[in-house]
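Engineer: Submitted below is the structure of interest, expressed as structure tokens.
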């Protein structure tokens, strides 16, 4: 699916219109997308997060549940940054880009699930991905949206994660 499709679905919803009427200073600060490639489309998720400066609160719209609005918890001293919304990237193209890079890096595992977060980092919007692979593998992928280019690509294993969590 296409990012703009999801965004238009959000802004057309009654929940969003009511929210923006109440909180005119709200701005998009992140988006979350879950794409399941194992055939279980009921696991796909699309959330748009909005920060309201006047109340210092964040809210999330869950598109897969009719654009349901839920309060979101802010972690620590996080200062939300505005993200753009006029993007037209397609998750199928993103998947192809990742698969091509995997082929170039000779990674033979199959992609099972992709989690993406659209965030502003140092003034630029990035699609930050965690890609779950067969064989307990993972990829950390960052894509600069304005160029649609991979800026960070790192393979990890589940065991790497266990070592990190085991070192307390």
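Each value in this text was obtained by applying a stated rule to the coordinates, not by laboratory testing. Computed from a predicted structure; not experimentally measured. Backbone-built Cβ (ideal geometry, glycine too); neighbour counts: all protein chains shown.
Engineer: Comparing 130, 95, 55, which has the greatest mean-square fluctuation in the GNM of the chain with Cα pairs linked when under 10 Å apart?
Structural biologist: Top of the fluctuation ranking is 55.
Engineer: Turning to a different aspect of this structure: Can you give the extra length, in nm with one decimal, that the chain gains between residue 34 and residue 65 once fully stretched, where that is 0.36 nm per residue apart less the Cα-Cα distance?
Structural biologist: 9.8 nm
Engineer: Using the number of other C-beta atoms within 10 angstrom as an exposure proxy, rank 50, 78 with the fewest first.
Structural biologist: Starting with the residue having the fewest Cβ neighbours, the order is 78, 50.
Engineer: Could you work out which residue, out of 92, 110, 122, moves most in a Gaussian network model of the chain, that is, has the largest mean-square fluctuation with Cα springs under 10 Å?
Structural biologist: 122
Engineer: Between residue 57 and residue 1, what is the label-to-label distance in nm when each label sits 7 Å out along the Cα-to-Cβ direction?
Structural biologist: 2.6
Engineer: I would also like to ask the following. Pop a pseudo-label 7 angstrom from the Cα along the beta-carbon direction at both residue 81 and residue 136 and give the gap in nm to one decimal.
Structural biologist: 3.5
Engineer: Still on this structure, please answer the following. Of [x] 17.0, 51; [y] 17.6, 55; [z] 14.9, 48, which is the value of Rg and Dmax of the Cα atoms in Å derived from the coordinates here?
Structural biologist: Recomputing Rg and Dmax of the Cα atoms in Å here picks out [x].
Engineer: Please find the FRET efficiency linking residue 18 to residue 89, where r is the Cβ-Cβ separation and R0 is fixed at 25 Å, and quote it to the nearest 0.05.
Structural biologist: 0.30
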